[in-house]
Amino acid sequence: MSTLRIVIVLVAAFVLAGCGGPERARPVAIRPSTVRVGGEFDEVGTISFYPGESCASQVMFIFHSSRSTSISLAAPWKESQILKEAVHSHRSVRVIGKWRRGKTSDCSYVEATQVEVQKSLW
């Protein structure tokens with residue numbers, strides 16, 4: 001009788017374990033409202049890592065500010081290191097860059113040319 005109980009428990013465990021497979025990250029569509037490809041960008045805001053796959057391979061960050069929606073952000077190595085530290089420390093940054101076009105016509109992002117971490121008042 002106990003052997004049957006063990007088999008039932010094992011079967012139930014395998015069934016439940018099969019339902020909990022990991023989900024793949026889905027691409028996130030982030031489209032700023034006013035985009036001027038080639039235009040200048042200069043804003044202060046916060047940074048987060050880009051979730052999933054972006055429409056341009058070099059995009060690794062999302063820029064958030066009070067004046068705009070979320071903006072895809074790419075940066076060279078030196079600026080990426082500063083942005084990664086700002087993500088981990090939850091600091092605001094000033095990003096200066098240019099608007100660029102991604103792989104498709106509806107994909108625009110900012111390529112950072114200069115990044116400054118904002119000084120905290122605390």
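In table form, for the structure just shown:
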| quantity | calculated |
| --- | --- |
| Cα→Cβ-extended label distance, 7 Å offset, between residue 113 and residue 88, nm | 2.9 |
| Anchor residue 119: lysines whose Cα lies under 18 Å away (excluding residues fewer than 8 positions away in-chain) | 84 |
| Inter-label distance, nm, simple model (7 Å from Cα along the C-beta direction), residue 101/residue 2 | 7.3 |
| 9 Å beta-carbon shell around residue 94, net charge (K/R +1, D/E -1) | -3 |
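Read-outs: derived from the displayed coordinates by stated rules, not from any lab. Note that the coordinates shown come from a computational prediction; the quantities given were computed from them, not determined experimentally. Every residue, glycine among them, receives a Cβ derived from its backbone with ideal geometry; neighbour counts consider all protein chains shown.
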